[in-house]
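Below is one structure, written out as structure tokens; the observations come after it.
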Amino acid sequence: MKVKQPNTAMIILAAGRSKRLGVIKQNLPWKNTTLLGHVIEQGLASDIDEVFVVVGANAKSILNKIYSYDITIIRNGNWQQGMGSSIAYAIHNISEKTLNFDAALIALADQPLIESKHYNKLIYSLYEYNKTIIATQIDGRAGVPAIFDSKHFNSLSKLNKDYGARNILSAKSEEVKTIDIGNKIADIDTIQTYELLYKQFGTPMKN
């Protein structure tokens, strides 16, 4: 029996300043695009219905790199408040436009090893396992990317600190199913990590 597919919005968080790296992380080269561009491409290649990208710091420079993608841009003027602020603002934005999504998949701009097939697994697992949150297993705990049933939109819209969705994943643990992705979850928090991953996985593809 074919598993039902939820009408899903993907929210890519790309509003941070990348202070620790000292460069605009979202614009770092990755394959034939940028870190953010690659995440967008994987989202568009999945069974997501619409891709939203939340920008804040360095918005003009970032938008210059991704203008050609079929996505919806959300500008978070309060990006300094952290990931929670960006999630809440995106959910408010979607709700105000009365866009009726069954679920929201929250992803980060700095996880380029995650492919469209993992996003699809999260999407279809939402109904397959009869859970309202499907998260990615990271070091034995639930993390993002994660997909949230619309029943959690109100809670997501109230986030306002730099905790992202972590508090909801913890508070609603009985409603969470985790999907293991092995070693493909590495976040890029330092230039050293970026250079290592780029050399292994991110060099441009030859025509």
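Among the listed residues Val39, Val51, Val144, identify the single one that is over 21 Å from Ile181 (Cα atoms), within 13 Å of the chain's Cα centre (by Cα) and of a type outside the set (D, E, K, R). Reasoning before the result, please.
On the way: Val39 fails: over 21 Å from Ile181 (Cα atoms); Val144 fails: over 21 Å from Ile181 (Cα atoms).
Matching residue, one of Val39, Val51, Val144: Val51.
What's the number of the only condition in (1) touching a residue at least 24 places away in the same chain (Cβ under 8 Å); (2) outside any loop (DSSP other than H, G, I, E, B); (3) of a type in the set (Ser, Thr, Tyr); (4) surrounded by fewer than 22 Cβ atoms within 10 Å (Cβ to Cβ) that Thr136 fails to meet?
Failing condition for Thr136: (4).
Identify, please: which residue in the stretch 116-133 is assigned to a loop (DSSP other than H, G, I, E, B) and buried (at least 16 other Cβ atoms within 10 Å of the Cβ) and is, among those, farthest from the chain's Cα centre (by Cα)?
Going through the qualifying residues, I end up with Lys131.
Pull up the stretch 50-70, narrow it to residues that are touching a helix residue (DSSP H, G or I) at 6+ places or on another chain (Cβ under 6 Å) and part of a loop (DSSP other than H, G, I, E, B), then point me to the one that is farthest from Gln26 (Cα to Cα).
Looking at residues that are touching a helix residue (DSSP H, G or I) at 6+ places or on another chain (Cβ under 6 Å) and part of a loop (DSSP other than H, G, I, E, B), I get Tyr69.
Return the residues of the stretch 139-171 that are at pLDDT 90 or above, of a type in the set (D, E, K, R) and in contact with a strand residue (DSSP E or B) (Cβ under 8 Å, 6 or more places away or on another chain); say none if nothing qualifies.
Asp149
Going by the structure shown, is Lys4 at pLDDT 95 or above and surrounded by fewer than 20 Cβ atoms within 10 Å (Cβ to Cβ)?
Numbers: at pLDDT 95 or above: no; surrounded by fewer than 20 Cβ atoms within 10 Å (Cβ to Cβ): yes.
Considered against the rule, which asks whether it is at pLDDT 95 or above and surrounded by fewer than 20 Cβ atoms within 10 Å (Cβ to Cβ), Lys4 comes out as no.
Quick test for you: out of Ile185, Ile179, pick the one residue that is of a type outside the set (D, E, K, R) and at pLDDT 90 or above. Spell out how you get there, then give the answer.
Details: Ile185 fails: at pLDDT 90 or above.
One residue alone meets the criteria, Ile179.
Checking Asn93 against (1) out of contact with any Lys or Arg (no Cβ under 8 Å at 6 or more places or on another chain); (2) within 14 Å of Met10 (Cα to Cα); (3) modelled with pLDDT of 95 or more; (4) crowded, with 18+ Cβ neighbours inside 10 Å, only one condition comes out false. Which one?
(3)
Residues Leu44, Leu36, Leu21: which one is part of a helix (DSSP H, G or I), surrounded by fewer than 24 Cβ atoms within 10 Å (Cβ to Cβ) and of a type outside the set (Gly, Ala, Ser)? Step through it out loud before you land on a result.
Details: Leu36 fails: surrounded by fewer than 24 Cβ atoms within 10 Å (Cβ to Cβ); Leu21 fails: part of a helix (DSSP H, G or I).
Of the residues listed, the single one that is part of a helix (DSSP H, G or I), surrounded by fewer than 24 Cβ atoms within 10 Å (Cβ to Cβ) and of a type outside the set (Gly, Ala, Ser) is Leu44.
Please name all residue pairs, on different chains or six or more residues apart, with Cβ atoms under 6 Å, provided the first residue is in the stretch 98-113 and is more than 23 Å from Ile62 (Cα to Cα) and the second residue is in a loop (DSSP other than H, G, I, E, B).
Pairs found: Phe101/Asn7; Asp102/Pro6; Asp102/Asn7; Ala103/Pro6.
Filter the stretch 47-81 down to the residues that are under 20 Å from Ala146 (Cβ atoms) and buried (at least 19 other Cβ atoms within 10 Å of the Cβ) and list them by number.
If the condition is that a residue be under 20 Å from Ala146 (Cβ atoms) and buried (at least 19 other Cβ atoms within 10 Å of the Cβ), then Ile48, Val51, Phe52, Val53, Val54, Ile74, Asn76 are the ones that fit.
The values are calculated or read from the model by the stated rules, or taken from the named source; none is laboratory data. Everything quoted here is computed from the prediction, not taken from an experiment. Quick reminder, even Gly has a Cβ in these numbers, built from the backbone with ideal geometry, and neighbours come from all protein chains shown.
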